[in-house]
1. Could you count how many residues in the range 110-124 are of a type in the set (S, T, N, Q) and farther than 18 Å from Phe66 by Cα?
2. If we scan the range 162-184, do we find a residue that is buried (at least 16 other Cβ atoms within 10 Å of the Cβ), within 19 Å of the chain's Cα centre (by Cα) and within 25 Å of Lys26 (Cβ to Cβ)?
3. Would you mind finding the one in Lys123, Lys162, Lys142 that is basic (Lys, Arg) and over 19 Å from Lys84 (Cα atoms)?
4. Identify, from the list Val156, Val134, the residue that is among the aliphatic types (A, V, I, L, M) and more than 20 Å from Gly41 (Cα to Cα).
5. Can you name every residue in the range 131-152 that is under 15 Å from the mean Cα position of the chain (by Cα) and either surrounded by fewer than 22 Cβ atoms within 10 Å (Cβ to Cβ) or in contact (Cβ under 8 Å) with a residue 60 or more places away in the chain (or both)?
Amino acid sequence: MKNVIRALSIILVAVTFINAQNNIPKGWFPSGNDISEYEIGIDNSVSTNGNSCAYIKSISPKENTFGNLMQTISAEKYLNKRLKMTGFLKTENVQGWSGMWMRIDGNGREQLGFDNMQNRSIKGTTDWEMYEIVLDVPENSKSINFGILLGGNGKVWMDNIKIAEVDKNVPVTNMIKNNELPNKPMNLDFEE
């Protein structure tokens, strides 16, 4: 009996996942470390303006899982530019964390820039609010990846995403700090 219940549970999760995938917004795709734990799609009942928005909703996530709705585009058009991604997010009972994210990749998926808002994550229940991420796109960039993520339980909606070039005076939100490495060895005798 336990095996039957377990099999039915797996089938239910798979059917929910497949149904949710049929509702994925055009041009976007789901990802995450255990995507079967999340429902991802379009919500026609709420938006900031217009008729719909995207959402990620937890089904029964295990510890340290996340769901993600994303796009990947070529960086060619944006080389040597500073990009600002803005978007509106709304949350409901987010117990882990959520946020927009953007990553700039070079050759071999080398991360040249990254911000997932984890240091300013959205939790709990919030109304629509605009958020932003600003990253440089270096000369050796190959792709720009961006989207929304939900870690743990809850639901997050995303609407009206914009990606635009901004002036170099706009501060970046890059979480990769290339200048954080010391320029010489220190405390090699462990006496400090």
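1. Going through the range 110-124 one residue at a time, the tally reaches 1.
2. Yes, the range 162-184 contains a residue that is buried (at least 16 other Cβ atoms within 10 Å of the Cβ), within 19 Å of the chain's Cα centre (by Cα) and within 25 Å of Lys26 (Cβ to Cβ).
3. Lys123
4. Numbers: Val156 fails: more than 20 Å from Gly41 (Cα to Cα).
Going through Val156, Val134 in turn, just one is among the aliphatic types (A, V, I, L, M) and more than 20 Å from Gly41 (Cα to Cα): Val134.
5. Tyr131, Glu132, Val134, Ile144, Asn145, Phe146, Gly147, Ile148, Leu149, Leu150, Gly151, Gly152
Residues checked against (1) hydrophobic (A, V, I, L, M, F, W, C); (2) under 18 Å from Asp105 (Cα atoms); (3) in contact (Cβ under 8 Å) with a residue 12 or more places away in the chain; (4) loosely packed, with under 14 Cβ neighbours inside 10 Å:
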{"residue": "Glu39", "(1), (2), (3), (4)": "no, no, yes, no"}
{"residue": "Asp43", "(1), (2), (3), (4)": "no, no, yes, no"}
{"residue": "Ile56", "(1), (2), (3), (4)": "yes, no, yes, no"}
{"residue": "Lys77", "(1), (2), (3), (4)": "no, yes, no, yes"}
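None of the figures in this text is laboratory data; all of them are computed from the coordinates on show. Remember, it's a predicted structure, so these values are computed and weren't measured experimentally. When we count neighbours, we look across all protein chains shown, and the Cβ atoms used for this are built from the backbone with ideal geometry, even at glycine.
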